4 protein chains.
Amino acid sequence: MIESSANIEFKPRLRYGMVGGGQGSFIGDVHRKSIALDGMAEIAAGCFSRSADNTLATGAALGIKRERLYATYEEMAEEESKRADKIDFVVIVTPNYAHYGAAKAFLSRGIPVVCDKPLCIEASEARELQELAEKNKLLFCVTYTYSGNPAVKHGKALIKKGEIGKIHFITGEYPQEWLLAPSEKQGNKQAVWRTDPKLAGKSNSVGDLGSHIENLVHYFTGLKIKSLCARLDKIGPGRVLDDNATIMVEYDNGAKGVYWSSQVASGYDNALKVRIFGDKGAVEFNEEECNYIKFSQFGKPTTVLSRGRDPFDPHAQGFSRIPSGHPEGYFEALANIYKTFITALAKQKEGKPLTEDDLDFPTVEDGLNGVVFIGKCVESSDKGAVWVNL
Amino acid sequence: MIESSANIEFKPRLRYGMVGGGQGSFIGDVHRKSIALDGMAEIAAGCFSRSADNTLATGAALGIKRERLYATYEEMAEEESKRADKIDFVVIVTPNYAHYGAAKAFLSRGIPVVCDKPLCIEASEARELQELAEKNKLLFCVTYTYSGNPAVKHGKALIKKGEIGKIHFITGEYPQEWLLAPSEKQGNKQAVWRTDPKLAGKSNSVGDLGSHIENLVHYFTGLKIKSLCARLDKIGPGRVLDDNATIMVEYDNGAKGVYWSSQVASGYDNALKVRIFGDKGAVEFNEEECNYIKFSQFGKPTTVLSRGRDPFDPHAQGFSRIPSGHPEGYFEALANIYKTFITALAKQKEGKPLTEDDLDFPTVEDGLNGVVFIGKCVESSDKGAVWVNL
Amino acid sequence: MIESSANIEFKPRLRYGMVGGGQGSFIGDVHRKSIALDGMAEIAAGCFSRSADNTLATGAALGIKRERLYATYEEMAEEESKRADKIDFVVIVTPNYAHYGAAKAFLSRGIPVVCDKPLCIEASEARELQELAEKNKLLFCVTYTYSGNPAVKHGKALIKKGEIGKIHFITGEYPQEWLLAPSEKQGNKQAVWRTDPKLAGKSNSVGDLGSHIENLVHYFTGLKIKSLCARLDKIGPGRVLDDNATIMVEYDNGAKGVYWSSQVASGYDNALKVRIFGDKGAVEFNEEECNYIKFSQFGKPTTVLSRGRDPFDPHAQGFSRIPSGHPEGYFEALANIYKTFITALAKQKEGKPLTEDDLDFPTVEDGLNGVVFIGKCVESSDKGAVWVNL
Amino acid sequence: MIESSANIEFKPRLRYGMVGGGQGSFIGDVHRKSIALDGMAEIAAGCFSRSADNTLATGAALGIKRERLYATYEEMAEEESKRADKIDFVVIVTPNYAHYGAAKAFLSRGIPVVCDKPLCIEASEARELQELAEKNKLLFCVTYTYSGNPAVKHGKALIKKGEIGKIHFITGEYPQEWLLAPSEKQGNKQAVWRTDPKLAGKSNSVGDLGSHIENLVHYFTGLKIKSLCARLDKIGPGRVLDDNATIMVEYDNGAKGVYWSSQVASGYDNALKVRIFGDKGAVEFNEEECNYIKFSQFGKPTTVLSRGRDPFDPHAQGFSRIPSGHPEGYFEALANIYKTFITALAKQKEGKPLTEDDLDFPTVEDGLNGVVFIGKCVESSDKGAVWVNL
């Protein structure tokens, strides 16, 4: 229904810095646009590339003062932490291998962190970051974007209210097709780093896609994986990391599940789909149709709920910006993650207590879960696709 | 395109008998209607139930002469085999446990057999039937219905012509929701026998649904499963057979796959979906939209081919009865299986040689493959979801 | 849900004859297969073509006795009406122009009629047939197939129960693409007669497609058209009859509507879609997805009801043969029309009274409405797309 | 395909003001967010409401200096035009009735205008604004959002290249359901002004929705409407403006079309759909699935082209921000309109010539066409749904 959405209240205006995201990168610009959408933070500093030239050019294009463009993230963390007008948080959007070092540098100097997923390479690194954030009482967000969708938040609320009963089975799939081409040999920068273990870590398809399934299922259900059996396939010629993976999982409540991630599935763009089955009903979400959520109650007609049309849980509804049928998408979901994080940060700065809803963004703990999941998948596969405990 | 389909040529008129399919059964009537659609065979004899009353009532309703209604399939096989106007083939549509005995009875007396799937319980029984059919040179059809769809046949032709390249991954899923209800305790006859190991055999969901995936994938690709790792779940309270199963498979060409069958997946009616991914493209079939087949070629726009509209392989096209957009469905697919089988039988009777296309129906070998598959899934699951070779 | 559908009761076994439907025709074979599906009537006589050779060949292929193959429908009506084992009804599936004469011949001799739509060319002819049927107390069915779908029957029941409130607007569309090709110049028999006013009558697209919309809307709602404004387009080069038409209508209850029929709409196979909007909700049916019906209630989640899964009105449910997710299609819908007509005929022969449900097949009155509709569309268009009253 | 989108070049940073869009309004915030997404302009002045309090509160929330918040648009135009740091353009997002006066005030003082659609109430006003913009050489954008979609731009390119041949028929529909409720009596601000002729003008559903169809069809095809026959319905109790409308149109090339707009169509959110049929193929766009465009070529498989996956026309592709399968939506489409307008403005300021691609935003001429269209629809309907020339 079309109605006023004009909640024009004084909203936070924070400053942020960015590590990574220079010219030639993809995801940095996506983060900047998502933050700009709601206008709650402005970019003020950056170390956009290992190339100083790139950092300077990018910074100039973004209107950042020359003195706040840095050659290394260490220097940036050090210098920013001394400023009166220092950044309120840093956004880390480098290839995976550099996440840990950068995050540590800022956390150590008391600067909250937003880091792209996966959080880092090793579980031990992830635990260290978690402890550091906790010790320094710093908010830490890991940008699993898809939980930012209002439809996902409503699905989570339905499950929490018991609308689908006791969960017994879950499927997650995330097929893409783009690595059917040998793009890493054709200079595609994304392909180059994602298929290189030095830059991407232990896994490609599980690290990039499977970890989204893992996180989204956990967000929907609160379930944790107890054990898994994973088979990682290297299908593209010459690949040393997986580009396709099948993972059987068992959750702590006894429910079972199966995940499939692929970058060699012809006909699929970015088809993340998660289905949660309980003994009373089911919830199904498809990222490519992210304004909707399928909700089935056994014995009643199945429904596809539309953001803006069907009454959503109030917390979920609060993230919807425009009426039903006016599609929101990827930028808006990521903006919702940022809106929550920035609002929490602003409340924290003002000394206000944070509620559960205030903390509804993916945290360093989610990041840790992801890193453990990736590592265990690789371990299981390396042993011949056998069951391993988490 | 609407055009003449009037191939009114002299077509075979054979006689058939039926074992099972009396009042209260479901699938017997479906087979009779499917055979009637094309009018190539008429029912002439039957043993429709273990209850003689049921057989008599059913036979009378179907207009069968009293003398050709039998108390046991043994009697029926024996008596029919002596008649000058004996049945040309028998259709066996009992619960699974009785398939073997009935099939053997007719094969032994030289009568060709059409048997519902799964073929029987034990692999040894299946092999015996296969040998018997071979020895007596009798055609034997196992009614995996879905390969009867023209869209499936066209997909098979695309794959055979190399249109999707070398196959590297396959997904198959077959979710239903009906056993979310404790139907077997509520007197639903289908539920009663399918969940009872004495009547259904070693597996419920893999036997009923998973075996369809196994057969359809084999039909599309010709690939055979080399090893598998299966987890069979008993989710409904009190179930002794599986109602949900996840199966990782590896094929003889090195390709990998994952199958999921379920009768406890809220929101799903009969959603058999198979996706075959190769290094050049993919083919995807969804039984609930059986007039279409999705065909993806990497680097070209993905297409959904429509039966009757888009040019199909001539053999596939030959099974289409009406123009595009006029839906054909389950009966028509099963009728296609029967049309092929009956035509082959008639040619055989006339001493004509049978081509590969003539034999394009699921055979006793497909039935054997299915029984082996089911047995191995149960074995793998019983051992803790470990890998077993086939 | 899978459950027994075994209503094996003694069912009628009637005899029918056919006029039209010889080799090279399309729809005759479709009718024969649809009748065969349920096995309630057998073909016993025919005049399949103006060519005696064709009639003989077709009759022989169908196993009809030589003596019951006729050179003209007049002869057939005359001879059959004298036989003790005369046909119980005749099926007329000629091109439109011959419907009137054939129907009259059989009605005059006391033989009930099933006639393909549109009923005839002139409204006066239609009224004559209606009066003749009434006078001779003969059942007369006009095969508007689509009302045979169980999903349509359930939609009608929903509307009748007031579930969508007072109807205020209706859209109907029926796009096809096949006449984008100049098929009539390429020898396509269907195209030849449908684009020829001598064989098809006053209209092509409205006669073939628009009249289906008109009938289906009337079936759903009971509404009658009060006035209309139609524009018939002749788009294909050299066409003398319309191949595209837009029709604004007003109904007797004050509701409004708009219809569109086309044979030159690239990308569409047979996409009949009707949407009925009321002040409380809406019902939407799409023939290409004929196992489903969309049901919207304002203020509640929109649902897509699935034949066999969702509880249908008992009368509608009675026409469903197989469980949900097992598609039924065009043949099954037409078979439902025949099942109803034949059952009514059998009851009538036994002197039993006929209920409203017994008469749930399209009648000569529906046929008359269609002929009037077509004529008025042509009249409006010829006058410059102005409003005309019906 | 995921690849670098990092076109970080120096981009314009302009200043804009806003008329309308205060607290309680809907569309103002949507415009501000869309402009913010790409960061090419910042808000610097405003007259957000007829209520000064609202303007002050809104301006404060947006961080605008007190001195640049104005009580009337006249004052704002006058004062801003005198400043050295004056706004580069104004955005007018008031209810329809105030568009004309506000636009005139800024145009007269040499300030370029972006105005929400419909441009104004009377065709004479629209012509005056067009002349004023032309005389003063000022860019003028009317925000018909949907032409901002990359998929629409690609469809336009396909049509321009002749891929669908000569256009012969067009359908446009835009159903919504929200005014099934008597929202204007329940205080819904959107409903109040849209159903009030003093605020909305001569039409509600044609003005709000039908005009989008008109514009989008024109954008796709370049065709202009020559004559139309419209029937405007007032379905909701007590409505004095239409909430449903059917419009038959004829274009200047002889092609025909039919449009339907509705706010009382249960089950529809915002379902703008346009289908363009030519003698070689068709293009179809559905706003609710705005990342895709259906493209049919007669005789070839129909395709659904995916933004980011399938090769788009370079100009269209340039408006895509993220890879395929990552949905973009309403904000991104509107941002594309603004990006084009702002870039053109910046080039114009620098004295550079503007190309056709630079001017690919809806202009005051499009606005004029819309106002004429709305007026003629009302005229036709008032005369009894007769044909009128444009």
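Coordinate-derived values only; no laboratory data. Only a predicted model underlies this, so the values are computations on that prediction, with no experimental measurement involved. We place every Cβ from the backbone using ideal geometry, glycine too, and count neighbours over all the protein chains shown.
Taking D:P353 in one copy and the same position in all the others, each labelled 7 Å out along Cα→Cβ, what are the pairwise distances from the first, in nm, shortest first?
Nearest first, the other copies' label points are 6.9, 7.5, 8.8 nm away.
Less than 9 Å Cβ to Cβ from D:L390, Lys/Arg counted +1 and Asp/Glu -1: what total charge do the surrounding residues give? Can you show the working numbers first?
Values: positive: D:K224, D:K226, D:K376; negative: none.
Charge balance near D:L390 sits at +3.
Roughly what % of DSSP beta bridges within chain D run antiparallel, to the nearest 5?
Just about 60 percent of them are antiparallel.
Using Cα pairs closer than 8 Å and at least 6 residues apart in sequence, work out the relative contact order for the stretch C:140-269, in percent.
In percent, rounded to a whole number, it is 33.
Using DSSP, restrict attention to beta bridges with both residues in the protein assembly as shown and report what percent are antiparallel, rounded to the nearest 5.
Within the protein assembly as shown, antiparallel bridges account for around 60 percent of the total.
Please compute the Kirkwood hydrodynamic radius over the stretch B:337-383, one decimal place, Å, based on all pairs of different Cα atoms.
Radius from the Kirkwood sum: 12.6 Å.
Below 8 Å between Cα atoms, with a sequence gap of 6+, how large is the relative contact order for chain B in percent?
Relative contact order, chain B: 20 percent.
So which trypsin sites (Lys or Arg not before Pro) in the stretch B:161-204 are both in a DSSP loop and have at most 10 other Cβ atoms within 10 Å of their Cβ?
B:K161
So what are the three principal axis dimensions of the stretch D:186-272 from its Cα atoms, in whole Å, longest to shortest?
Projected onto its principal axes, the Cα set of the stretch D:186-272 covers 45, 23, 20 Å.
Would you tell me the mean number of C-beta atoms belonging to other protein chains that fall within 10 Å of each C-beta in A:268-280, as a whole number?
Average neighbour count from other chains, rounded to a whole number: 5.
Under a 10 Å cutoff between Cα atoms, tell me which one of A:S183, A:S34, A:S227 has the largest fluctuation in the Gaussian network model of chain A.
A:S183
What ranking do B:114-124, C:45-55, A:127-137 get when scored by the average of other Cβ atoms within 10 Å per residue, highest first?
The peptides rank, most packed first, as B:114-124, C:45-55, A:127-137.
Convex hull over the Cα atoms of the protein assembly as shown, averaged projected area in nm²?
Mean projected area of the Cα convex hull: 54.1 nm².
Can you figure out the FRET efficiency of C:K198 with A:V192, using R₀ = 60 Å and their beta-carbon distance, to the nearest 0.05?
Values: r = 70 Å, r/R0 = 1.17.
The pair C:K198/A:V192 has a calculated efficiency of 0.30.
Over all distinct alpha-carbon pairs, what is the Kirkwood Rh of chain A in angstrom?
21.5
Can you give the mean number of other chain Cβ atoms that lie within 10 Å of the Cβ atoms in peptide C:301-307?
Mean shielding count: 6.
Using a 10 Å cut-off around each Cβ of peptide B:33-39, what is the average number of partner chain Cβ atoms that fall inside? Provide the component values of the computation, followed by the final result.
Values: counts 9, 1, 2, 6, 9, 4, 9.
Rounded to a whole number, the mean comes out at 6.
May I have the extent of the alpha carbons of the stretch B:44-125 along their three principal axes, as whole Å values ordered from largest to smallest?
Taking max minus min along each principal axis of the Cα atoms, the stretch B:44-125 gives 37, 26, 16 Å.
Note the distances from C:D313 to each other copy's matching label point, with points 7 Å along the Cα-to-beta-carbon direction, in nm, sorted shortest first.
Counterpart label points of C:D313 in the remaining copies fall at 3.9, 4.4, 4.8 nm.
For the stretch A:269-309, what is the relative contact order in percent, using Cα pairs closer than 8 Å and at least 6 residues apart in sequence?
28
In terms of Cα to Cα distance under 20 Å, which aspartates and glutamates are near enough to D:K352, apart from those fewer than 8 places away along the same chain?
Qualifying aspartates and glutamates at Cα under 20 Å: D:E9, D:D88, D:E134, D:D360.
Have a look at the stretch C:1-151 and give its Rg and Dmax from the Cα atoms, expressed in angstrom.
Every Cα atom of the stretch C:1-151 included, Rg and Dmax give 15.8, 50 Å.
Counting only the backbone N, which residues of the stretch A:108-139 are under 16 Å from the spot 7 Å out from the Cα of A:S81 toward its beta-carbon?
A:108-114, A:129-139
Can you work out the Karplus-derived ³J(HN,Hα) for every residue in the stretch B:149-164? Use 6.51 cos²θ - 1.76 cosθ + 1.60 with θ = phi - 60°, whole Hz, and x for glycine or proline.
5, x, 5, 5, 4, 5, x, 4, 5, 4, 5, 4, 6, x, 5, 10
So, in the stretch A:146-274, how many Lys pairs have Cα atoms under 20 Å apart, if the pair is 8 or more places apart or on different chains?
27
Sorted from largest to smallest, which semi-axis lengths in Å does the alpha carbon gyration tensor of the stretch A:51-96 give for its equivalent ellipsoid, taking the root of 5 times each eigenvalue?
On the way: eigenvalues 57, 40, 21 Å².
Output for the stretch A:51-96: semi-axes of 17, 14, 10 Å.
Work out the FRET efficiency for A:A181 and B:K161 from their Cβ-Cβ distance, taking R0 = 22 Å, and round it to the nearest 0.05.
Efficiency at R0 = 22 Å is approximately 0.50.
Once the convex hull of the alpha carbons of the stretch A:88-132 is built, what does its volume come to per residue, in cubic angstrom? Show your work: numbers first, answer last.
On the way: hull volume 2.5 nm³, N = 45.
Normalising the Cα hull of the stretch A:88-132 by residue number yields 56 Å³.
Can you pull the one-decimal nm distance between simple spin-label points at D:Q317 and C:D357, each 7 Å off the Cα toward Cβ?
Once both label points are built, they end up 6.2 nm from each other.
Assume the label is 7 Å from Cα along Cα to beta carbon: what separations in nm does D:A157 have to the matching positions in the other copies?
Label-point distances to the other copies, shortest first: 3.5, 4.1, 5.2 nm.
Considering the stretch C:139-229, what Rg and Dmax in Å follow from its alpha-carbon atoms?
Both quantities, over Cα of the stretch C:139-229: 16.4, 50 Å.
Using alpha carbon coordinates only, what is the Rg to Rh ratio of the stretch B:19-70, with Rh defined as the Kirkwood radius?
0.95
Which value, in nm² and rounded to one decimal, describes the direction-averaged projected area of the C-alpha convex hull of the stretch D:211-250? Write down the numbers at each step before the final one.
On the way: hull surface 12.4 nm².
Projected over every direction and averaged, the Cα hull of the stretch D:211-250 covers 3.1 nm².
Working from the alpha-carbon coordinates of the stretch A:242-390, get Rg over Rh, Rh being the Kirkwood radius.
Working: Rg = 18.6 Å, Rh = 18.6 Å.
With Rh from the inverse mean 1/r over Cα pairs, Rg/Rh is 1.00.
How far, in whole Å, is the nearest Cβ of chain D from the axis relating it by rotation to chain B, and which residue carries it?
Of all Cβ atoms in chain D, the one nearest the axis gives D:T303, 3.
Restricting to DSSP loop positions (anything but H, G, I, E, B) with no more than 11 other Cβ atoms inside 10 Å of their own Cβ, which GluC sites (Glu not before Pro) remain in the stretch A:319-352?
Loop-located and lightly packed - A:E350.
Would you please state the base-10 log of I(q)/I(0) at q = 0.12, 0.17, 0.20 1/Å for the stretch B:139-291, with intensities from the Debye formula using one equal scatterer on every alpha carbon?
Each listed q corresponds, in turn, to -0.53, -0.97, -1.23.
Hey, any idea what Rg/Rh is for the stretch B:72-198, computing Rh the Kirkwood way over Cα pairs? Please report the intermediate quantities before stating the final value.
Values: Rg = 18.7 Å, Rh = 17.6 Å.
Looking at the stretch B:72-198, the ratio lands at 1.07.
Using a Förster distance of 30 Å, how high is the FRET efficiency between B:N136 and C:R13, based on the Cβ-Cβ distance and rounded to 0.05?
Step by step, r from the Cβ atoms, then E = 0.25.
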